[in-house]
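For reference, the structure is listed below as structure tokens.
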Amino acid sequence: MVDLLPEQTPLWQRLEGTAREHFRRAGVQEIRTPLLEVTELFARGIGEATDVVGKEMYTFTDRGDRSCTLRPEGTASVVRAAIQHGLLSQGPQRLWYGGPMFRYERPQAGRQRQFHQIGLELLGFADARSDVEAIAIAWDLLADLGVQGLALELNTLGSGADRACYREQLVAFLRQHREQLDPDSQDRLERNPLRILDSKNATTQELLAAAPTLAAALAPESRERFEQVKAGLAALEIPFTLNPRLVRGLDYYSHTAFEITSNQLGAQATVCGGGRYDGLVEQLGGQSTPAIGWALGMERLVLLLAQGEANPAPAPDLYLVNRGEAASAAALVLARQLRRSGLSVELDASGSAFGKQFKRANRSGASWAAVLGEGELERGVVLLQPLRGQAAEEMAFPLADLAGLLERLTPVAF
């Protein structure tokens, strides 16, 4: 779990601001859920057999003897909130969320135990076009942010009946070759066999080349649905690659599953992943509701966007130099007035000599310095001095003439 220091936050704010704008354009509304939920929500929603629930959650018993968990992902919480507050009775919901998630896993570049996600959830949408729209929103957001080397990997997990049929075929095949599986895959064979398809073990992947495929187990209607998704992406000119081994790590997915990767990240290439989860709302106690969503990892995005990019802190419009007891009190009043008028003002509160304050004013990046000492206060004026080579001499403005001061500053500041 890491701190985000002031020189890092401008990039995070740009990322968040761009996401907000894309969601606004798409008619998607923000929802905020608590960091802490009852453990049962994730055990039921994500699946007890998943690595997230079995190995990675921060779970504890509170003073009321309740099992609580810091949220490891956002979808289950959003669905819980939609059910609890009756949002789905008001029609389909287009929602987005952002914030920290928590998983106990090995920290590495772009992956911490407290990490941040931005996610989209379209609840109540069954048509294949909603899959295409969800993917398009993510693709366009990442492209607008300037992420290079984007690639979309696509698969279908079929319906629950398709997966049940395929699970039997896959388990029967893998049991015949159990000794060739890596230890993690042997453990998953009984608990969550579809996750074996996503194994990074080379020997296991060689074995899987001869295994039955999920595509062969799909019902005709599932095949047709996937064809509609592919046709929709082609119509939007979003390139994709079919990846039959792409299963995602959570139990609630069905039909469309996808990941957007960047070739700028090395092994940890995924920046956005998601898919359809038509059974989750009912599984958590609501009415049967189709849904699709995705989440992008902000830490990995920041790694990408920070490559070769300087992110200096924004410079103030004005640096207010002041000295003397009465002048310092008047400077505080002036700073507040200017800030309430829309300017960014840094007030020097050091009380040090004017020379030292002017050095700090130059380092701040401000275009102008305003000077208010005891002499200026006695004359009822504030001096305005250019700091960035503007074609202007030092000017004096009456303290009572705030409008005149603003008029001089505004063209430069804005």
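The values are calculated or read from the model by the stated rules, or taken from the named source; none is laboratory data. Please read these numbers as outputs of a predicted model, since none were measured by experiment. FYI the Cβ positions are ideal-geometry reconstructions off the backbone, even for glycines, and counts take in every protein chain you see.
Condition first: closer than 18 Å to LEU305 by Cα, part of a loop (DSSP other than H, G, I, E, B) and of a type in the set (Asp, Glu). Can you find one or more residues in the stretch 5-14 that meet it?
First, the residues of the stretch 5-14 that are closer than 18 Å to LEU305 by Cα: 5-14.
After this cut, where a residue has to be part of a loop (DSSP other than H, G, I, E, B) as well, the list is 5-8.
Adding the requirement that they be of a type in the set (Asp, Glu) leaves 7.
Within the stretch 5-14 (the criterion being closer than 18 Å to LEU305 by Cα, part of a loop (DSSP other than H, G, I, E, B) and of a type in the set (Asp, Glu)), the answer is yes, since at least one residue qualifies.
Since ALA138 meets every condition but one in (1) touching a Cys at 6+ places or on another chain (Cβ under 8 Å); (2) over 28 Å from GLN228 (Cβ atoms); (3) modelled with pLDDT of 95 or more, which condition does it not meet?
(2)
Pick from the stretch 70-85 the residues that are outside any helix (DSSP H, G or I), free of Cβ contacts under 8 Å to residues at least 40 places away in the same chain and out of contact with any Lys or Arg (no Cβ under 7 Å at 6 or more places or on another chain): which of them is farthest from SER288 (Cα to Cα)?
We begin by selecting, within the stretch 70-85, every residue outside any helix (DSSP H, G or I); these are 70-74, 85.
Now restrict to residues that are free of Cβ contacts under 8 Å to residues at least 40 places away in the same chain: 70-72, 85.
Checking which are out of contact with any Lys or Arg (no Cβ under 7 Å at 6 or more places or on another chain) leaves us with 70-71, 85.
Values: LEU70: 27, ARG71: 24, HIS85: 16 Å.
Per the stated criteria, the residue is LEU70.
For the stretch 137-149, give me each residue that is part of a helix (DSSP H, G or I), of a type outside the set (Val, Ile, Thr) and in contact (Cβ under 8 Å) with a residue 60 or more places away in the chain. So that I can check it myself, show each step before the final result.
Pass one, the stretch 137-149, residues part of a helix (DSSP H, G or I): 137-145.
Imposing the further condition that a residue be of a type outside the set (Val, Ile, Thr) reduces the set to 138-145.
Within the stretch 137-149, ALA138, TRP139, ASP140, LEU141, LEU142, ASP144, LEU145 meet the criteria.
If you take the residues of the stretch 97-136 that are in a helix (DSSP H, G or I) and among the aliphatic types (A, V, I, L, M), which of them is surrounded by the fewest Cβ atoms within 10 Å (Cβ to Cβ)?
Within the stretch 97-136, the match that is surrounded by the fewest Cβ atoms within 10 Å (Cβ to Cβ) is ALA136.
Could you pull out every one of the helices (runs of 4 or more DSSP H) wholly within the stretch 174-285 that has 2 or more residues that are closer than 26 Å to ARG111 by Cβ and among the hydroxyl-bearing types (Ser, Thr, Tyr)?
Values: elements: 183-191, 202-208, 214-217, 220-235, 280-283.
Hits in the stretch 174-285: 202-208.
In the stretch 175-197, which residues are surrounded by 15 or more Cβ atoms within 10 Å (Cβ to Cβ) and under 22 Å from SER159 (Cα atoms)?
Matches in the stretch 175-197: ARG188, LEU189, ASN192, PRO193, LEU194, ARG195, ILE196, LEU197.
Residue check, THR203 against (1) surrounded by fewer than 19 Cβ atoms within 10 Å (Cβ to Cβ); (2) under 29 Å from the mean Cα position of the chain (by Cα), all met but one. Which one?
(2)
Tell me which residues, restricted to the stretch 54-69, are free of Cβ contacts under 8 Å to residues at least 40 places away in the same chain and either at positive phi or in a loop (DSSP other than H, G, I, E, B) (or both).
Across the stretch 54-69, the qualifying residues are ASP62, ARG63, GLY64, ASP65, ARG66.
Within the stretch 1-31, work out how many residues are within 15 Å of ALA295 (Cβ to Cβ) and loosely packed, with under 11 Cβ neighbours inside 10 Å. Don't jump to the end; show me each part of the working.
Keep residues of the stretch 1-31 that are within 15 Å of ALA295 (Cβ to Cβ), which gives 15-16, 19, 22-23, 28, 30-31.
Add one more test, that the residue is loosely packed, with under 11 Cβ neighbours inside 10 Å, and what stays is none.
Within the stretch 1-31, residues that are within 15 Å of ALA295 (Cβ to Cβ) and loosely packed, with under 11 Cβ neighbours inside 10 Å number 0.
Would you point out which residue out of ASP127, ASP131 is under 15 Å from LEU233 (Cα atoms) and in contact with a His (Cβ under 8 Å, 6 or more places away or on another chain)?
Numbers: ASP127 fails: in contact with a His (Cβ under 8 Å, 6 or more places away or on another chain).
Going through ASP127, ASP131 in turn, the sole match is ASP131.
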